[in-house]
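See structure below.
The values are calculated or read from the model by the stated rules, or taken from the named source; none is laboratory data. Small disclaimer: the values here were computed from a predicted structure and weren't measured. A quick note on method: Cβ atoms are made from the backbone with ideal geometry, for glycine too, and the neighbour counts reach across all protein chains shown. All accessible areas refer to the heavy atoms of the entire protein, side chains included, with ligands and DNA or RNA removed. Shrake-Rupley method; radii C 1.70, N 1.55, O 1.52, S 1.80 Å.
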Amino acid sequence: MELTVPTKREAIAILDRGDRAVRRLVDALPPLARTLTGIGSGAWSPLDLVGHLASWERHALEALDAWARGERAPLDRALELRGLHGVNADNLAAAAVLRPAALLRQSRDTHAALVVAVRAIPTDAWVRPPLARGRPLALRVGSILGGPKGPFRHADAHLPSLHEFVAMHAR
């Protein structure tokens, strides 16, 4: 199945919708509930999820920086060495040392930086491979930030379990 290359505006809209939905749900929780586990398989808290999503946005930013220098994305190597579960575990451990307010602030800042970075990509670069060959830049970034519903839809993949958690623990 051939994926359609989303425009930068479409990509940003998808990312912003997911980010707003996650923030709105996390904000509906009392502070203590934000640290309780129970999301997805039950091992993550809402704040773990926020850190997880922010880590993948950082991976996308690092990839954009590397590709701009004509280099391979650091995430590609990390996935080869650690695998998806290992990368996620590393991301979770890094986020766990942050206080909730710092994690939420870092997540907001990372999302804002990603939106700025996507907006700054020239349209012709958006639709061609970041390196000599491969998929268009839009689809490479979209896959880093993607989920089962498509490019840039990582947050969407986690919303059902977050909704369920919030329904049980909201104020």
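Listed conditions (1) in contact with a Leu (Cβ under 8 Å, 6 or more places away or on another chain); (2) part of a helix (DSSP H, G or I) are all met by H85, apart from (1).
When each of L61, L75, L25, L49 is tested for being touching an Asp or Glu at 6+ places or on another chain (Cβ under 9 Å), open to solvent by less than 50 Å² (accessible area, probe 1.4 Å), touching a residue at least 12 places away in the same chain (Cβ under 8 Å) and in a helix (DSSP H, G or I), the lone residue that passes is L75.
In segment 116-129, the qualifying residues are those that are assigned to a loop (DSSP other than H, G, I, E, B) and farther than 14 Å from V5 by Cα, and the one that is least open to solvent (accessible area, probe 1.4 Å) is I121.
When segment 1-22 is filtered for residues that are of a type in the set (K, R) and either open to solvent by less than 20 Å² (accessible area, probe 1.4 Å) or over 13 Å from the mean Cα position of the chain (by Cα) (or both), the ones remaining, listed by number, are K8, R9. For first residues located in segment 102-116 and farther than 16 Å from H154 by Cβ, partners that are at pLDDT below 95 and assigned to a helix (DSSP H, G or I) and lie 6+ apart or on another chain with Cβ distances below 7 Å form the pairs L103/A95.
Being within 15 Å of L53 (Cα to Cα), in contact (Cβ under 8 Å) with a residue 40 or more places away in the chain and not in a helix (DSSP H, G or I) is the filter; apply it to segment 135-171 and report the residue that is most open to solvent (accessible area, probe 1.4 Å). For segment 135-171, the residue satisfying everything is R153.
In summary, P31 fulfils each of the numbered conditions (1) buried (at least 16 other Cβ atoms within 10 Å of the Cβ); (2) in a loop (DSSP other than H, G, I, E, B) with the single exception of condition (1). Take the conditions outside any helix (DSSP H, G or I) and open to solvent by 50 Å² or more (accessible area, probe 1.4 Å) and apply them to A132. Does it pass? It is true that A132 is outside any helix (DSSP H, G or I) and open to solvent by 50 Å² or more (accessible area, probe 1.4 Å). How about segment 34-46: which of its residues are open to solvent by 40 Å² or more (accessible area, probe 1.4 Å), on the phi < 0 side of the Ramachandran plot and not in a helix (DSSP H, G or I)? Passing the criteria: L36, T37, S41, A43, W44.
Scan segment 78-115 for residues that are of a type outside the set (A, V, I, L, M), open to solvent by 50 Å² or more (accessible area, probe 1.4 Å) and within 16 Å of the chain's Cα centre (by Cα) and the total you get is 6.
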